[in-house]
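Participant: Pasting in a structure now, in structure tokens, and then I'll have a few things to ask.
The values are calculated or read from the model by the stated rules, or taken from the named source; none is laboratory data. Bear in mind that the values here come from a model prediction, so they are computed numbers and not experimental data. Cβ placement follows ideal geometry from the backbone for every residue including glycine, while neighbour counts extend to all protein chains displayed.
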């Protein structure tokens, strides 16, 4: 039997644990898709939250990257991969790909604790990888 979850490969694990600590019941999970492939990651290039968090582009760092030959090589490699993917010749793995087994195990562990403490946890995302967890209930809500 596990006694703790991992360091967490996604902030959603910590959010669930925090909701448990705060005594929330029920707990609703939404927008935790955990895609296997880059193209399936719906919001990968969405920077809309930057205006809310005050994130700014570091132009000095950006200029340094342009002058760094390794950074230029990685940039060109990513551009080639993106092009090959658009042509349907390859599928690039998402940033979550290697961590999904640990992420799923962490969610299973925390949801099991919730069940033992009579805390209801619902997944509101119909396409989420989390739906593979048999003890997590999908709940459709009307908007």
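Participant: How many residues, within the range 89-127, are closer than 22 Å to residue 2 by Cβ, touching a strand residue (DSSP E or B) at 6+ places or on another chain (Cβ under 8 Å) and assigned to a loop (DSSP other than H, G, I, E, B)?
Facilitator: 2
Participant: Quickly run through the range 134-143 and pick out the residues that are out of contact with any strand residue (DSSP E or B) (no Cβ under 8 Å at 6 or more places or on another chain) and modelled with pLDDT of 90 or more.
Facilitator: 134, 135
This table checks each residue for (1) closer than 19 Å to residue 17 by Cβ; (2) surrounded by 13 or more Cβ atoms within 10 Å (Cβ to Cβ); (3) assigned by TED's automatic domain parsing to the domain that holds residue 18.
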| site | (1), (2), (3) |
| --- | --- |
| 99 | yes, yes, yes |
| 103 | yes, yes, yes |
| 107 | yes, yes, yes |
| 112 | yes, yes, yes |
| 119 | yes, yes, yes |
| 122 | yes, yes, yes |
| 132 | no, no, yes |
| 135 | yes, no, yes |
| 138 | no, yes, yes |
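Participant: Right, something else. Hey, among 22, 89, 16, which residue is closer than 30 Å to residue 138 by Cβ, at pLDDT 65 or above and loosely packed, with under 10 Cβ neighbours inside 10 Å? Walk me through it before giving the result.
Facilitator: Values: 89 fails: closer than 30 Å to residue 138 by Cβ; 16 fails: loosely packed, with under 10 Cβ neighbours inside 10 Å.
None of the others qualify; the one that does is 22.
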